[in-house]
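Before any comments, here is the structure.
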Amino acid sequence: METLSVKTHRRDELVDITGQVQAVVKKSNIKTGICIVYCPHTTGAITINENADPSVKSDIIMELDKRIPWNDGYSHGEGNSAAHVKSSLVGASETILIKGGSLVLGTWQGIMFAEFDGPRTRKVHVHVQRAE
Ligand code: ZN
């Protein structure tokens, strides 16, 4: 397993980490298998979505924010309940197939770290497993 470091710059942000994940796959020398990308934080998440038009990322952030407002009478004393809820909705991990030593992603797909309580420096675990 390798651990990536991801720097975020806003409270809510989707950071494309596809290149960093692909670098781990390449280094592993595994041609056919699976790659698990895992977020060990309770106010972050991992998702796969379009990385071509940046407005897709900002639309996702905007809609999550509308549905899960930062202030909404939450009980959690730390004051970041919205980030915890978004983290659970988006999910802690993604599994991506590996073929020919590369991640199998659609033309417009990218792997993103989702920040919901930034800015911070985050960890993302990447596990690559052979399946030949
Ligand atoms: Zn909290």
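The values are calculated or read from the model by the stated rules, or taken from the named source; none is laboratory data. All figures in this text were calculated on a predicted structure; none of them were measured in a lab. Glycine also receives a Cβ, built like all others from the backbone with ideal geometry; neighbour counts cover every protein chain displayed. Accessible surface is based on the protein model in full, side chains and every heavy atom, while ligands, DNA and RNA are left aside. Shrake-Rupley method; radii C 1.70, N 1.55, O 1.52, S 1.80 Å.
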Next on the checklist: Can you tell me which of (1) within 16 Å of the ligand (Cβ to nearest atom); (2) open to solvent by less than 20 Å² (accessible area, probe 1.4 Å); (3) more than 15 Å from Q20 (Cβ to Cβ) is the one C39 doesn't meet?
Outcome noted: (3)
Item to check | segment 120-132, residues that are out of contact with any strand residue (DSSP E or B) (no Cβ under 6 Å at 6 or more places or on another chain) and either within 16 Å of the ligand (Cβ to nearest atom) or not in a loop (DSSP other than H, G, I, E, B) (or both) | outcome: R120
Checklist outcome for this item: Among S93, S88, S75, the single one that is over 13 Å from T43 (Cβ atoms), within 16 Å of the ligand (Cβ to nearest atom) and open to solvent by 50 Å² or more (accessible area, probe 1.4 Å) is S75
Checklist entry - Taking T107, is it part of a loop (DSSP other than H, G, I, E, B), more than 14 Å from the ligand (Cβ to nearest atom), open to solvent by 80 Å² or more (accessible area, probe 1.4 Å) and of a type outside the set (D, E)? => result yes
Checklist entry - Of these, N51, N29, which one is open to solvent by 40 Å² or more (accessible area, probe 1.4 Å) and modelled with pLDDT under 95? => result N51
Next on the checklist: Can you pull out every residue in segment 6-26 that is open to solvent by less than 20 Å² (accessible area, probe 1.4 Å) and either more than 19 Å from V90 (Cβ to Cβ) or assigned to a helix (DSSP H, G or I) (or both)?
Outcome noted: V21, V24, V25
